[in-house]
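Let me begin by presenting the structure, written as structure tokens, before commenting on it.
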Amino acid sequence: MATIDLTNWIGDGIAGSHQMIADDTLTISAAKQGTPFNVRLCTGDISGDLYYEVSILDLSGSLAVGLVSEEGFLPGWKTKGYFYNGNLSDGSAGLVIGFGPKTEVGATLGVFLKRQASSFQVIFYHNGRCLGPGFSIRDSNNVPLFPCLHVSGKATVKVSSGAVPSVLTRSSEGSADDGYTGTWKINQLFAGPELMEYPLTDEKRAVTLNVEKLGEEKQYRLTLKIVNTFVTTIELAGKMEAFDSIKFITQTISTKMLPPPELSELESMLGHGLHGGQNESNGFKKMIVNSAGGLLISGPITEMSFVKYEQVFEPVTSI
């Protein structure tokens, strides 16, 4: 394992952007909105394995963590490397969407460079959970790679070497205390005033729901993916029999792609349940994790049933 100096950082040369080290924290500021600023470690030989962690103390904008070669370290979007910010990126383009949780204040992100005879893997961690290899790259020349942070806006972080991870494959999300947090896959749908079962083909069973607990107590971000992606925020607002009553506290937003005919009715039905929950009587009103571990979200004319889902990601093999 390489021993690295975590205090010597250099910027990518964009005028007006800067980095500052104070005590054990690093503050990085991009010069203007929309143009990222990259900083990397400037240190000695790190051609072997290495591991580092980034604890996010403050963030206004976005932050990606990863690795970059000396040749790939260029200004702004021109940088080419191996990055994670919730998605996998090469520094200029998203490569895998939804690889892990978003990078937010309070999170600790780990980056592990694991070298083999003629290749290397870049394995990412979020709050101690292994997300698995994001990149698996052939490299017979053992090109040195440097820790690199890619910031749009401003970030204050603490960088440390941390303990070398023992888990190298993707771990399950586990269960939050309330049971809601995680990714779910639809397995049943009931629709109409009498809540009759709606038939789900294999294609329709691809619908997923991500439930993310927010900083405020009892608040959750819901991200429903059909063809379009619907995002809204709810708050638990007391009990409704055995269920938790839900209150929509933000407008539901969505992408605007045209779904294929076979998914159009399904998307309209579920999208209406999210949009309608804000100001109509027919939107979703309550949810519960039942005794079998399934998630049920219900309204007067639509009820969705989900099972826990762990998506499998193949590592990116080239950039």
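Counting the residues of the range 77-106 that are touching a helix residue (DSSP H, G or I) at 6+ places or on another chain (Cβ under 7 Å) and assigned to a strand (DSSP E or B) gives 0. Scanning the range 88-102 for residues that are among the polar types (S, T, N, Q) and open to solvent by 50 Å² or more (accessible area, probe 1.4 Å) gives a single hit, S92.
The set of residues in the range 22-76 being more than 17 Å from G91 (Cα to Cα), of a type in the set (A, V, I, L, M) and part of a strand (DSSP E or B) consists of A22, L26, L50, V54, I56, L57, L59. Right, R205: open to solvent by 30 Å² or more (accessible area, probe 1.4 Å) and in a strand (DSSP E or B) or not? Criteria not met by R205. Close Cβ contacts (under 8 Å, 6 or more residues apart or on different chains) running from residues in the range 63-85 that are closer than 20 Å to C130 by Cβ and in contact (Cβ under 8 Å) with a residue 40 or more places away in the chain to residues that are hydrophobic (A, V, I, L, M, F, W, C) and not in a strand (DSSP E or B) comprise L67/L145; Y82/L145; Y82/I319; Y84/F99.
At least 1 residues being open to solvent by 30 Å² or more (accessible area, probe 1.4 Å) and either touching a Cys at 6+ places or on another chain (Cβ under 9 Å) or on the phi > 0 side of the Ramachandran plot (or both) is the threshold, and among the strands (runs of 3 or more DSSP E) wholly inside the range 226-295 those reaching it are 229-240.
Any residue at all in the range 13-21 that's touching a residue at least 24 places away in the same chain (Cβ under 8 Å), closer than 20 Å to V159 by Cβ and in contact with a strand residue (DSSP E or B) (Cβ under 6 Å, 6 or more places away or on another chain)? So far as the range 13-21 goes, no, none of its residues is touching a residue at least 24 places away in the same chain (Cβ under 8 Å), closer than 20 Å to V159 by Cβ and in contact with a strand residue (DSSP E or B) (Cβ under 6 Å, 6 or more places away or on another chain). What number of residues within the range 167-224 are closer than 21 Å to K247 by Cβ and of a type in the set (V, I, T)? So the count comes out to 3. What about V65, is it in contact with a strand residue (DSSP E or B) (Cβ under 7 Å, 6 or more places away or on another chain), of a type in the set (A, V, I, L, M), within 27 Å of A117 (Cβ to Cβ) and modelled with pLDDT of 90 or more? Yes; evaluated as a whole, the condition is true for this residue.
The set of residues from the range 145-173 being open to solvent by less than 40 Å² (accessible area, probe 1.4 Å) and more than 22 Å from D23 (Cα to Cα) comprises L145, S152, P165, S171.
Here the range 127-143 is the region considered, the condition is being touching a residue at least 12 places away in the same chain (Cβ under 8 Å) and not in a strand (DSSP E or B), and the residue that is nearest to R170 (Cα to Cα) is G128.
The residues listed here are D12, D23; of these, the one that is of a type in the set (D, E, K, R), more than 30 Å from L168 (Cα to Cα) and surrounded by 14 or more Cβ atoms within 10 Å (Cβ to Cβ) is D12. Contact annotation: residue pairs with Cβ atoms under 9 Å, 6 or more positions apart or on different chains, pairing a residue in the range 107-126 that is part of a loop (DSSP other than H, G, I, E, B) with a partner that is aliphatic (A, V, I, L, M), are A107/V54; A107/I56. Being among the aromatic types (F, W, Y), within 23 Å of N187 (Cα to Cα) and under 23 Å from the mean Cα position of the chain (by Cα) holds for only one residue in F243, F248, F230, F284, and it is F230.
Determine whether T43 is touching a helix residue (DSSP H, G or I) at 6+ places or on another chain (Cβ under 9 Å), at negative phi, among the β-branched types (V, I, T) and surrounded by fewer than 23 Cβ atoms within 10 Å (Cβ to Cβ). For T43, the condition - touching a helix residue (DSSP H, G or I) at 6+ places or on another chain (Cβ under 9 Å), at negative phi, among the β-branched types (V, I, T) and surrounded by fewer than 23 Cβ atoms within 10 Å (Cβ to Cβ) - is not met. Please indicate, with yes or no, whether at least one residue in the range 144-159 is of a type in the set (S, T, N, Q), within 17 Å of G81 (Cβ to Cβ) and touching a residue at least 60 places away in the same chain (Cβ under 8 Å). Yes, the range 144-159 contains a residue that is of a type in the set (S, T, N, Q), within 17 Å of G81 (Cβ to Cβ) and touching a residue at least 60 places away in the same chain (Cβ under 8 Å).
Restricting attention to the range 103-144, the residues that are closer than 17 Å to E314 by Cα and open to solvent by 50 Å² or more (accessible area, probe 1.4 Å) add up to 2. If you go through the range 182-197 and keep only what is open to solvent by 20 Å² or more (accessible area, probe 1.4 Å), under 17 Å from G283 (Cα atoms) and either out of contact with any Pro (no Cβ under 8 Å at 6 or more places or on another chain) or part of a strand (DSSP E or B) (or both), you end up with F190, A191, G192, E194, L195, M196.
The values are calculated or read from the model by the stated rules, or taken from the named source; none is laboratory data. A quick note: this is a predicted structure, and the numbers were derived from the prediction, not measured. Counting neighbours? That spans all protein chains shown, and the Cβs are built from the backbone with ideal geometry, glycine included. Just the protein is used for accessible areas: all its heavy atoms, side chains included, with ligands, DNA and RNA removed. Shrake-Rupley method; radii C 1.70, N 1.55, O 1.52, S 1.80 Å.
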